[in-house]
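Okay, structure first, notes after.
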Amino acid sequence: MSLEYSITYTAENTYENWVNDAHWQFLIIPQKNDNQEFIDVQFNNSLNTINQFSVNGYGFRTIRVHPKKKFKQISFEAHFKLIKREVNPFDFIEEEDISQAYAHIEELNFKVDFEAFLRNTRFTTLPEKNRDAFLLDKNISLFENLQALNEWTYTHIYFKTDVTDVNTVLDEVIENRHGVCQDFTHLFCALARQNGIPTRYVSGYLHQGNSLFGDSQMHAWAEAYIPKIGWIGFDPTNNLLANTNHIKIAHGKDYTDCSPLKGVVYTTGRNETSHTVQVSSQQQ
Amino acid sequence: MTTAENQLFSSYQRNPLLFDEIYDKDGTIMSIYSELFDLYGEHSIKDYVKLNDKAKASFFNQGITFQVYDKNETKEKIFPFDLFPRIIDPKEWDIIERGAIQRSKALNLFLWDVYHDKKIIKQGIVPMDLIGSSANYLDQMVGIDPPGGIYNHISGTDVIKHNDGQYYVLEDNIRCPSGVSYVICNRTALKRALFGVFNRYKTYSVTNYAENLLDLLETVKPKGVDIPNVVVITPGMFNSAFYEHSYLAKTMGVELVEGRDLFVENDFVYMKTIRGPEKVDVIYRRIDDAFIDPLEFKPDSAIGVPGLFAAYKKGNVTLANAPGTGVADDKAVYTYMPEIIKYYLDEEPILNNVHTYHCSRPDELKYVLEHVHELVIKPVDEAGGYGISIGNKLTKEEIETVKKQVKESPRKYVAQPILSLSVHPTYIDETESFEQRHVDLRTFTVLGKDREFVLKGGLTRVALKKGNLIVNSSQGGGSKDTWVLKE
């Protein structure tokens, strides 16, 4: 069975003074993959400048906008419609001999192939004293360990908005024990990588059920690589496995590789920016 | 002619412990220098100073200057120049040239590998750390096939002559090696001042560098392009090497641009001109990786071109050198060069490597900490001679500070024995006479598709401070014209 999702993304930027030159790059288009298929991508900006569809350095689709005249206000509106195959996150066969996966992740070839997702970045570096905060239990499978890590992360920090931002590093998150989805995800990635499990940061949309308005925010979760199974999505903010409601945009080593909007704007004075996201679904 | 009769060199003092390039062990002038020695000897010191001052003035008048960065200020200086040239014997040059090509090709294959299958790491020949903890490894380059298969189009291989008479490579510069404009300007200045000496020696020309560079850059044009439009991009007139950027553009006959002169539309790069946009196919970029595209790398870069990397990834433009080459000129990679050459080319290294201790290895770290006074300690990721400590020149307190730094981040440092660089007679203003000064040689190798070129000559850099071993211009070095003789 599959579901059709509609996503609306809007952003509005207002500047106190004229902007003479600006470039934006949006990383907001849902990824095309085995579970996500497109039917429609629409993107408009209020200045009617051409929208350039391209890819970023990691191969994910982007939209770039470069207005050709000066302005003080610009708004963007994107509509995506896609069909998602209904996923059962438990739909895979675990190896009978659980020790094989542990041996596999120790191999040099494996470590080299997944080097980027085993590396610590600015946002996934644990404070020295917390390196052992989560250790693998080799009596249970790798997948079960990751589920335990998902739950550990979920219970270890409290969801609280406006206390962290895009520059928050793990030292603060661990110290204060609160944060938002990207902090949960960075912590999950850091601890999984610390245990030798390749893990990537995923940005996307979360459909929070068919309420009347279906309002949502952009969301972040993690994907961990289990030998012979592949990448499995873990959502430590909600203590869930990523499922049909998780619509993936991009992945990377951390938030930096996935930030939804990058811009270079030449202006002076104050500016205000805001964005909204709506996700709704209907059964096909 | 004996030394006493030679006015210019009569007061030249030779330290028998140093390897002097113009005298042999017995104090006889090397045959290759004998005619030059006599020719120069006809002049008095006074005449020589006059000529030297004229040459210096011409550098200033042409604006051939560079800037020195200090904590508090930047200064504009001319690159101190010396009219007494260095001569390289054809047989020795042959070794240097073949060695430089061999290294450049091996590094190019190494770069291909670390951005594709990473076989050399999987086979355990170099450690994974070399890419994993290198600040210059660009994940965005993984899987990209640069046009013509070339990453390090331009390599600056620095070699020195040790007191055993052999050449050793000090480092491979494959980000944006600079200095080639000085090679050509030094030659021009020497020709102006003492053109007569060139009648007695058959010296290879160096002025063909630009045309060869352009030819080879054209061989790595993007697919589907007939006659490529080449440009040189500079960070701007305040960059220390701006003179060189403008010189290269001028002599190649191509446009010199800044980031704001280019724009990207639908993944093609265009230059703004008064006739409208003009497509650009090959960019010789003299901007560091981190600054080339604010949408992909450093977001506050004001000197890059937004969208440039996407155009590169799509294969619509060639960047020379390719982004991410810095991972291979890391000083830790240098130490594996013999293995890297053997692995990719199945050849023995033609040029020697200096033995290097990796502070990241516990046993080698221990040795380094115990022998700081007899080693050169270098940070692995700094260029331009910054952050180098020479053990036998440090005070006790300084040794302790260095030890502390190394202990805190061992991966950041390598150490090498203190080499005895050869010396060359160099005119010193303060004493108004020729004195022995240490020299090295920066060579320039250009790789194109199935073709390569080494500039026959190079930049001989002189450490002007007595006893100093650091020759970089930013550290108070000077330079000399360098002659490669025809057989």
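In the stretch B:35-85, the qualifying residues are those that are at pLDDT below 80 and basic (Lys, Arg), and the one that is nearest to B:Ala189 (Cα to Cα) is B:Lys77.
Residues in the stretch B:394-421 that are touching a Phe, Trp or Tyr at 6+ places or on another chain (Cβ under 8 Å) and either under 14 Å from B:Lys366 (Cα atoms) or not aliphatic (A, V, I, L, M) (or both): B:Gln405, B:Val406, B:Val414, B:Ala415, B:Gln416, B:Ser420. Applying the condition of being under 10 Å from the mean Cα position of the chain (by Cα) and of a type in the set (Asp, Glu) to the stretch A:242-277 and asking which residue is farthest from the other protein chains (Cβ to nearest Cβ) yields A:Asp254. Just to be sure before I move on: is A:Asn239 without any contact (Cβ under 8 Å) to a residue 40 or more places away in the chain, more than 29 Å from A:Val19 (Cα to Cα) and either polar (S, T, N, Q) or within 14 Å of chain B (Cβ to nearest Cβ) (or both) in the structure I sent? Judged against the criteria, A:Asn239 is not a match.
Exactly one residue out of B:Tyr312, B:Tyr343, B:Tyr284 is surrounded by fewer than 24 Cβ atoms within 10 Å (Cβ to Cβ), outside any loop (DSSP other than H, G, I, E, B) and either at the interface with chain A (Cβ under 9 Å from one of its Cβ atoms) or not charged (D, E, K, R) (or both): that is B:Tyr343. The condition (being within 27 Å of A:Lys253 (Cβ to Cβ) and outside the structural domain of A:Thr168 (by TED's automatic domain parsing)) is satisfied by just one residue among A:Phe80, A:Phe71, A:Phe110: A:Phe80.
Taking the stretch B:197-218 as the range and being part of a helix (DSSP H, G or I) and within 23 Å of the chain's Cα centre (by Cα) as the test, the residues that pass are B:Tyr209, B:Ala210, B:Glu211, B:Asn212, B:Leu213, B:Leu214, B:Asp215, B:Leu216, B:Leu217, B:Glu218.
Every residue, every condition in (1) modelled with pLDDT of 90 or more; (2) in contact with a helix residue (DSSP H, G or I) (Cβ under 6 Å, 6 or more places away or on another chain), yes or no:
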residue	(1), (2)
B:Val406	yes, no
B:Ser409	no, no
B:Val439	yes, no
B:Leu447	yes, yes
B:Thr460	yes, no
B:Val471	no, no
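Look at (1) charged (D, E, K, R); (2) surrounded by fewer than 19 Cβ atoms within 10 Å (Cβ to Cβ); (3) touching a Phe, Trp or Tyr at 6+ places or on another chain (Cβ under 7 Å); (4) within 14 Å of another protein chain (Cβ to nearest Cβ) and you find that B:Asp261 fails only one, number (3).
Within the stretch B:5-57, track down each residue that is hydrophobic (A, V, I, L, M, F, W, C) and within 20 Å of B:Gly478 (Cβ to Cβ).
Listed by number, the residues that qualify are B:Leu8, B:Phe9, B:Leu18, B:Phe19, B:Ile22, B:Leu36, B:Ile45, B:Val49, B:Leu51, B:Ala55, B:Ala57.
For B:Tyr115, state whether it is in contact with a helix residue (DSSP H, G or I) (Cβ under 8 Å, 6 or more places away or on another chain) and away from every other protein chain (no Cβ under 14 Å). Criteria not met by B:Tyr115.
For (1) at pLDDT below 95; (2) crowded, with 20+ Cβ neighbours inside 10 Å, each residue gets a yes or a no:
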{"residue": "B:Pro146", "(1), (2)": "no, yes"}
{"residue": "B:Ile154", "(1), (2)": "no, yes"}
{"residue": "B:Thr157", "(1), (2)": "no, yes"}
{"residue": "B:Asn163", "(1), (2)": "yes, no"}
{"residue": "B:Pro177", "(1), (2)": "yes, yes"}
{"residue": "B:Ser181", "(1), (2)": "yes, yes"}
{"residue": "B:Thr188", "(1), (2)": "yes, no"}
{"residue": "B:Lys191", "(1), (2)": "yes, no"}
{"residue": "B:Gly196", "(1), (2)": "yes, no"}
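Each residue in the stretch A:112-135 was checked for being more than 11 Å from A:Ile174 (Cβ to Cβ) and of a type in the set (Gly, Ala, Ser), and 1 of them qualify. A Cβ distance below 9 Å, combined with a sequence gap of six or more or placement on separate chains, defines the contacts here; from the stretch B:74-93, residues that are of a type in the set (S, T, N, Q) reach residues that are surrounded by 14 or more Cβ atoms within 10 Å (Cβ to Cβ) and at pLDDT below 80 in the pairs B:Thr74/B:Gln67; B:Thr74/B:Val68. Where strands (runs of 3 or more DSSP E) fall entirely within the stretch A:32-96, those with at least 1 residues that are within 14 Å of another protein chain (Cβ to nearest Cβ) and over 21 Å from the mean Cα position of the chain (by Cα) are at A:51-55, A:61-65. B:Thr273 meets each of the listed conditions (1) in contact with a strand residue (DSSP E or B) (Cβ under 7 Å, 6 or more places away or on another chain); (2) away from every other protein chain (no Cβ under 14 Å); (3) modelled with pLDDT of 95 or more apart from (1).
The values are calculated or read from the model by the stated rules, or taken from the named source; none is laboratory data. None of these values were measured; they are calculated from a predicted model. Cβ atoms come from the backbone with ideal geometry, glycine included; neighbour counts cover every protein chain shown.
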